Amino acid sequence: MNHSESNDVVDTRYDPAEGPVVATFIRYAVPSVLGMLAVTSAGIIDGVFIGNFVGSSALAAVNLAQPAWAAFAAIVFMLAVGGSVMCGRFLGQGDHAAASSIFTRTLVAAVAVGIAIAGSGLVFLEDLVRLLGATQEVKPLVIAYMRVVLIFAPVFVAALTMDYFVRADGRPVLAAVGLVAFAGTNIALNTLFVVYLDWGIVGAAWASALAEFAIFVILLTHWFHPKCSLKLMLATGRWRDLLDAAWNGFSEFINELSVGLIVLFFNWVMITRQGVEGVAAYTIITYLMMIGLEVSYGVSESLQPTVSRNLGAGKPERIRKFLLTAVCTVFFVGLLVSTLLVALPQQMIGLFLRSDEQATAVIALIFISYFWPTFLLNGTNITLASYFTALHRPVPSAIIAVSRSLVLPGLGLLLLPLWFGDPGVYLAIPIAELLTLIVAVILVLRVKPLTGAVPVK
């Protein structure tokens, strides 16, 4: 095996069911986290370009579009995560034909759903933007941004689905390379379209859309690699199996959809209480939150193939060790990010705003002063939800996901402002994460690996 192959192909030293736990976890987690950080940096760079070269109204427009995009991505995540976990279990059992079959059906279904939803969004775009709560000031910006993003959405769907299966097939480095290429292309195109050609928010949308082709092409090469275990094949087996996969990935659907709904609720509250500046300030908070969240998502995604392989191999003790390693990792990252926000809040906010946007900056500073404890908690909650997904236990996974991202934040936004005013808005997410963590720990103590897992046939 040559050097380049050793960087991409999981050998026996890093086999999830056989290799040393920490080294194997690092082998999966580092590329996953770097890939997620690459995507996050691309999103943050979008915010930097838009905030500094277009303005806070454009920042608000991007955030107003996010709930629609989250609802769209939720369905894709549900299929991709559920299908890839099922695929990982088949690979752990040595059944490559069944793994290839579920991969093919998942990819076809995800792209078909993506085309249908994106087409509907384009047809009813003005009605959709009105539902998102856009004011007349920002409505044209939201429409212009979403039109470009929706046109290229099917490419994003195909790339995202392939990313999960490439990881499940033992090539996390290639998946990370694809995400890094996406980020680099996005940054370069933002510089061209937004700064030099002055295309405004439309330029940012085109940069993101065209960058999706980079990750798609890179991930496509996996199926021409001699060590690839998954093959595109004529659809075989029961399409009903996709329902089982979707059910197992339901927590990811709930998590992504709930994020969109909470952003929608926050936008409504902020635009009512503090106008477009309030929405722009919340947008900055979401960009900063991406850093900790995407690291946590990267760790949790690396946990899924390692746990699902050991589930197929019947090794509960290794499952527990991988879980403990992942939880310790995300807590350390959360501690680092929260410390950074507390120590350097003005510098962080200044990345996204021109010096004359003082009203937005003041709101964002107050927001951070209440919001920072979120980062100490959300990574563990995300990881524990992903752990249950990998165990084929969708119910506890969904309970954690819906608690942290919809039910508890929604109740917080409804009740806390009545009692505490604006600080109640800022505290809704931290309190929701704390209560969710209590629920998640109880579930972990009650549900044992390899006990009551859903059989895969």
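Brief remarks on what is shown
- Positive-pole candidate from GLY114, SER101, SER302, dipole of the chain, charges at beta carbon: SER101
- Packing around the peptides 337-345, 372-380, 66-74, taken as the average count of other Cβ atoms within 10 Å per residue, puts them in this order, highest first: 372-380, 66-74, 337-345.
- Radius of gyration and maximum dimension Dmax of the range 309-373, Cα, Å: 19.4, 60
- Relative contact order computed over the range 348-457 (Cα-Cα under 8 Å; 6+ residues apart), in percent: 29 percent
- Between ASP198 and LEU243, the FRET efficiency estimated from the beta carbon spacing at R0 = 35 angstrom works out to 0.15.
- Note that the range 441-448 has calculated 3J(HN,Hα) couplings of 5, 4, 5, 4, 5, 8, 9, 9 Hz, one per residue in order, obtained from phi through the Karplus relation 6.51 cos²θ - 1.76 cosθ + 1.60 (θ = phi - 60°); glycine and proline are x.
- Using a probe of 1.4 Å on the protein chains alone, the accessible area found for THR104 is around 10 Å².
- Leading residue at positive end of dipole, the chain (Cβ point charges), from GLY133, ASN186, SER405: SER405
- When all alpha carbon pairs of the range 21-117 are counted in 5 Å bins from zero, the resulting P(r) reads 3, 11, 12, 14, 17, 16, 11, 8, 5, 2, 1 %.
- Rounded to whole Hz, the Karplus (6.51, -1.76, 1.60) HN-Hα couplings of the range 194-199, x for glycine and proline: 8, 7, 7, 8, 6, 7
- Candidates per GluC sites (Glu not before Pro) in the range 258-328, loop by DSSP, up to 13 other Cβ within 10 Å: none
- Counting only alpha carbon atoms, the long axis of helix 201-220 and the longest principal axis of the chain meet at about 10°.
- Expected 222 nm ellipticity per residue - DSSP helices of 4 or more, -39500 (n - 2.57), all of the chain, to 500: -27000 deg cm²/dmol
- Distance distribution P(r), the range 349-434, all Cα-Cα pairs, bin width 10 angstrom from 0: 17, 35, 29, 15, 4, 0 percent.
- In plain terms, the chain from VAL362 to THR191 could stretch by 58.8 nm, reckoned as 0.36 nm per residue minus the Cα-Cα distance.
- Inverse of mean 1/r across different Cα pairs in the range 288-402, Kirkwood, Å: 15.6 Å
- Sorted largest first by accessible area at a 1.4 angstrom probe radius, with every protein chain in place, the residues ARG89, ARG320 fall in the order ARG320, ARG89.
- Electrostatic bookkeeping for PHE367 treats Lys and Arg as +1 and Asp and Glu as -1; over the other residues with beta carbon under 13 Å from its beta carbon, the sum is -1.
- Charge dipole (debye, nearest 20) of the chain; +1 at Cβ of Lys and Arg, -1 at Cβ of Asp and Glu: 1280 debye
- Options (1) 60, 46, 41; (2) 158, 76, 37; (3) 62, 56, 48 - which one matches Cα extents along the principal axes in Å as calculated here: (1)
- Remark: the range 177-192, residue by residue, has Karplus-estimated 3J(HN,Hα) of 4, x, 5, 5, 4, 4, 5, x, 5, 5, 5, 4, 6, 4, 4, 5 Hz, where x stands for each Gly or Pro and the curve is 6.51 cos²θ - 1.76 cosθ + 1.60 at θ = phi - 60°.
- Whole-percent carbon and sulfur share, accessible surface of the chain, 1.4 Å: 71 percent
The values are calculated or read from the model by the stated rules, or taken from the named source; none is laboratory data. Since the model is a prediction, treat every value here as computed from it, not as a measurement. Using ideal geometry, Cβ is built from the backbone for each residue, glycine included, and neighbour counts are taken over all protein chains shown. Protein only, heavy atoms only, side chains kept; ligands, DNA and RNA dropped before computing areas. Shrake-Rupley method; radii C 1.70, N 1.55, O 1.52, S 1.80 Å.
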